[in-house]
Amino acid sequence: MAGSCSGNCSSCSQKCGDEEKKLQATLGKIKKKIVVMSGKGGVGKSTVAVNLASALALAGFKVGLLDVDIHGPSVPQMLNLQNTGVMMDGDLILPQEIGSLKVVSLGFMIDDPDGAIIWRGPMKIGVIKQFLSEVAWGELDYLVIDSPPGTGDEPLTVCQLLNDAEAVIVTTPQQVAANDVAKSLNFCKQINMKVLGLVENMSGFVCPHCNEVVEIFPGNAGEELAEKFGVELLAKIPLDPAVAHGGDAGTPFIQRFAKTVPGRIFNDMVEKLFGVSDGLSTF
């Protein structure tokens, strides 16, 4: 992990630079930081991150959602925030706001949604630092970070800058996912990052006729990884067309489809983690 900073620059023998001062000033107003990550792509990290942030906002908390998936930002689509552009207040970027949810994504700054972001590590690291220190987040109860797959520049930068952040790791049932997700769990272990737990996404399929969950993918990655690494399996979320529809329509399923099987399971997980009930239905 990166070296810790008390935030009291006047007593620091090394003297923090302006960038460090801005970062510490911003982070000092954020009570809890949660990084949603996975070693495997396509497991539903963005779905989990968007709905986790939305559930907390629906419960009345002040929440930020930061999309650091530089090469494939999905958050704007999932919250119907495409083509919104970026507003500035002096030197600070203003997040897009949906009620008490503040959102920042590189996707807000891209004119061509099909354009490729071809950046090397230093540029990506610089953008992530800017998103943390030069955004008008204000006071937040939670900052949820949607991280790209793997253990490369983006998640490493976030975790080093947010040295008190905690992780939610997402997998799917298959062994091929477990192999890669294990790397994320080892990543957290090596940098001394607390893991709140695992989410097994796409865990079965909700039958549209009987509403029962039918297993369709082989494997039991969530339980196996939880046992191997000594972390909690927070939830097994089944496939449901409502989840996909919500993402495509720009409406979090936790808001519009809270009474579906995935909605109830997700709400139970959020309540278990944060003591949050699903009593609210709008931002």
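Derivation of every value follows stated rules applied to the coordinates shown; laboratory data play no part. Given the structure is predicted, the values throughout are model-derived calculations rather than measurements. All Cβ positions, even for glycine, are placed from backbone atoms using ideal geometry, and neighbour counts span all protein chains on display.
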*Tell me, how many Å apart are the Cα centres for the range 35-81 and for the range 196-275?*
15
*asked:* Quick query: amide H of Val195 versus all other amide H atoms, modeled in the peptide plane; which residues come in under 5 Å with a sequence gap of 5 or more or a different chain?
replied: Ala167
_Using only the alpha-carbon atoms, how far is helix 261-274 inclined from the longest principal axis of the chain? Give it as 0 to 90 degrees, nearest 10._
40
_Using the crude model of +1 on Lys and Arg Cβ and -1 on Asp and Glu Cβ, and no other charge, please compute the dipole size for the range 27-274 relative to its Cα centre, in debye to 20._
440
*Using only alpha carbon pairs under 8 Å that are at least six residues apart, calculate the relative contact order of the chain and give it in whole percent.*
24
*Interchain or long-range residues, amide H under 5 Å from Phe205's placed H*: Val214, Glu215, Ile216, Leu239
*Taking the Cβ of each residue in Phe187, Phe253, Phe217 as the centre, tally the other Cβ atoms inside 10 Å and list the residues starting with the fewest.*
Phe217, Phe187, Phe253
*If you count the DSSP beta bridges with both ends in the chain, what percent of them are antiparallel, to the nearest 5?*
20
*Loop-located trypsin sites (Lys or Arg not before Pro) in the range 81-130, at most 15 other Cβ atoms within 10 Å (DSSP)*: Arg120
*Summing -39500 (n - 2.57) over the DSSP H runs of n ≥ 4 in the chain and dividing by its residue number, what mean residue ellipticity at 222 nm do you reach, to the nearest 500 deg cm²/dmol?*
-10500 deg cm²/dmol
*When Arg256, Arg264 are ordered from fewest to most other Cβ atoms inside 10 Å of their Cβ, what list results?*
Arg264, Arg256
*Among all stretches of the chain without exposed GluC sites (Glu not before Pro) (DSSP loop, at most 11 other Cβ atoms within 10 Å), which one is longest?*
1-138
*Could you tell me which of Cys159, Ile110, Val43 has its Cα farthest along the dipole of the range 27-274 towards the positive end, charges placed at Cβ (Lys, Arg +1; Asp, Glu -1), taken about the Cα centre?*
Cys159
*In the neighborhood of Phe205, defined by Cβ-to-Cβ distances under 10 Å, what is the net charge if each Lys or Arg adds +1 and each Asp or Glu adds -1?*
-3
